[in-house]
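Participant: Mind having a look at this structure? Questions to follow.
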Amino acid sequence: MKKLLIIQQDDAYFLFETIQVLEKYHSHLKDFELTLLVNEEAFGIVYDRTSPVLTGFTTDSKKVLASHYDISVNLSLKETSWEVHGNVNAISKIGPHLKNGELIVPDLWSSYLLTLKARAPFLTFHLQDVYRNILGLRGNLRGQERMGSIRQIAYGMTSTSLFPSNEQEEFINLLTQTYSHLQVKDISEVDLVSDVSQTLYIGPATLSAIKFCEAGGRGIFLSSNFQGFNLVPYGEGHFFISSKTKTFKAHALLPLVAPVIENKERSLDSEYAVYSTDHENIFGAYLKNHNSTDDHYPFYQSHLVLWNFLLNLFDVNLEVTKCLPAQIELLKTHHEVLTKFLRLHDYAMVSIDTVYHESKAETSDANKIEGHLKNLREIDVVAEQISASHSLLRPFLDFYRIRRGQNNGQTLLEQAQNSFLTYSEEHQALEALHELFSVTLKRNEVNI
């Protein structure tokens, strides 16, 4: 039996989602002896009132480093895990690790995961989809859609800056008056060991709420803005309501909650934005909009299409959302920034091509090579500045910065060849993103 090591030393949320993937794909891993190196505090939080189904958990990195593995996989974002993974004795390594002091990230999905360290504006993919792709586990994790009657409400207190305390009190009163047959209790009072399939959670996105939904409950999550799949459950039948940076009002929120409680179709005209989890596409979970959207939602759609092609070579077709004026202005701004940066990126392509041809010439011009390498360094600085100031472009710029760092060429010619390929791929990706913005603007009948 092969020995598989998985390193997940991040906080409890990340550990929980990792365990969900491993439990759902347990049949795919039956031929492996599994060891999971975890953070002791996170492990205690995940299993605060339960016992793990999986075996092989350890918090002892010294014990791990003294063992041998066929495959080791690092799913952790913590930089301390990179050195641990680098020192692991394994035939094959997936995920970030240090080798001779340099960060090695051999696979695309791990490179994507590392872009989350820079506080991505939203989480494009659910963490369970990210982890299963890093692990090479094929097949959609599509969860069973939560339907049926609601018999109980589990309420989670929301930040008073988002949902004022008097409005929350009024909302609970409206629930109890409108649905007198339902019991309303705090989420902390719900026993996850019991059947929660007829219980509806209403409140903010928290680890406790995710645990509840993974145990079979349904959820309506309240937030101030669109955050993608950050801290939300994987299965279908869950809803996410964004106040679009406003505060929630009880009388405005109840009509959006009522259709879920009553299991009925209703108009979702509202000042708030409503989304639901959807698994119609082969790539995994998708957040589908049901009415007007947050400013970042058109970017989420563009990111989803491009990332799926870059990471999976999947062509994804989505219906372009109807944009509001603020969304159009934001798209136009980023479209213009990309237009200018692509012109600059053309110079990078010329410089790397020149370095390549000079490096394979019988007599190369060292000054010419250094001049063009200087151009590349200056363009990289501009890319970093754009990444810092435009968070909606940052994930792609950071992704290719990581990919360029994986140049293992031994000679200047080999390095130039590898760099040219990476710059070419980046150029095509940025052009594709530019085109996706153009399509969205054109379909909203905007002159660009």
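Participant: Looking at region 69-105, which of the residues that are surrounded by 17 or more Cβ atoms within 10 Å (Cβ to Cβ) and small (Gly, Ala, Ser) is nearest to Leu116 (Cα to Cα)?
Facilitator: Ranking the candidates gives Ser76 first.
Participant: Taking Ile153 as meeting all but one of (1) assigned to a helix (DSSP H, G or I); (2) touching a Ser or Thr at 6+ places or on another chain (Cβ under 9 Å), write down the number of the exception.
Facilitator: (1)
Participant: If you take the residues in region 322-345 that are touching a residue at least 60 places away in the same chain (Cβ under 8 Å) and not aliphatic (A, V, I, L, M), which one is farthest from Phe299 (Cα to Cα)?
Facilitator: Across region 322-345, the extreme among qualifying residues is His345.
Participant: I'd like to check something: does region 247-257 contain any residue that is part of a strand (DSSP E or B) and either crowded, with 23+ Cβ neighbours inside 10 Å or on the phi < 0 side of the Ramachandran plot (or both)? Outline the logic, then answer.
Facilitator: Of region 247-257, the ones part of a strand (DSSP E or B) are none.
So far as region 247-257 goes, no, none of its residues is part of a strand (DSSP E or B) and either crowded, with 23+ Cβ neighbours inside 10 Å or on the phi < 0 side of the Ramachandran plot (or both).
Participant: Quick one: which strands (runs of 3 or more DSSP E) sit completely within region 160-246 and have at least 1 residues that are in contact with a helix residue (DSSP H, G or I) (Cβ under 8 Å, 6 or more places away or on another chain) and crowded, with 18+ Cβ neighbours inside 10 Å? Walk me through how you get there before you give the answer.
Facilitator: On the way: elements: 183-186, 199-203, 218-223, 239-242.
Here the list reads 199-203, 218-223, 239-242.
Participant: Moving on to the next point. Restricting attention to region 399-416, which residues are open to solvent by 20 Å² or more (accessible area, probe 1.4 Å) and at pLDDT below 75?
Facilitator: First, the residues of region 399-416 that are open to solvent by 20 Å² or more (accessible area, probe 1.4 Å): 401-408, 410-415.
Matches in region 399-416: Asn407, Asn408, Gln410, Thr411, Leu412, Leu413, Glu414, Gln415.
Participant: Here's a follow-up. Scan region 314-332 and give yes if some residue there is in contact with a Cys (Cβ under 9 Å, 6 or more places away or on another chain) and assigned to a loop (DSSP other than H, G, I, E, B), otherwise no.
Facilitator: Scanning region 314-332 turns up no residue that is in contact with a Cys (Cβ under 9 Å, 6 or more places away or on another chain) and assigned to a loop (DSSP other than H, G, I, E, B).
Participant: Can you tell which of Ser51, Ser61 is modelled with pLDDT under 95 and open to solvent by 60 Å² or more (accessible area, probe 1.4 Å)? Outline the logic, then answer.
Facilitator: Working: Ser61 fails: open to solvent by 60 Å² or more (accessible area, probe 1.4 Å).
The conditions single out Ser51.
Participant: Then there is this: Go through the residues of region 51-61 one by one and say whether even a single one is closer than 29 Å to Thr206 by Cβ and in contact (Cβ under 8 Å) with a residue 40 or more places away in the chain.
Facilitator: no
Participant: When the residues of region 290-326 are filtered to those that are among the polar types (S, T, N, Q) and buried (at least 21 other Cβ atoms within 10 Å of the Cβ), which remaining residue is farthest from Ile241 (Cα to Cα)? It would help to see each step written out before you state the result.
Facilitator: Quick first cut of region 290-326, residues among the polar types (S, T, N, Q) only: 291-293, 301-302, 308, 312, 317, 321.
Next, from what is left, pick out any that are buried (at least 21 other Cβ atoms within 10 Å of the Cβ): 293, 301-302.
On the way: Thr293: 10, Gln301: 18, Ser302: 21 Å.
Checked region 290-326; the qualifying residue farthest from Ile241 (Cα to Cα) is Ser302.
Participant: Any idea which residue in region 262-286 is modelled with the highest pLDDT, counting only those that are surrounded by 13 or more Cβ atoms within 10 Å (Cβ to Cβ) and among the polar types (S, T, N, Q)?
Facilitator: Ser276
The values are calculated or read from the model by the stated rules, or taken from the named source; none is laboratory data. Quick caveat, the model's predicted, so the values are computed rather than measured. Please note: Cβ atoms are built from the backbone with ideal geometry, for glycine as well, and neighbour counts cover all protein chains shown. Areas reflect the complete protein model, heavy atoms only, side chains present, ligands, DNA and RNA absent. Shrake-Rupley method; radii C 1.70, N 1.55, O 1.52, S 1.80 Å.
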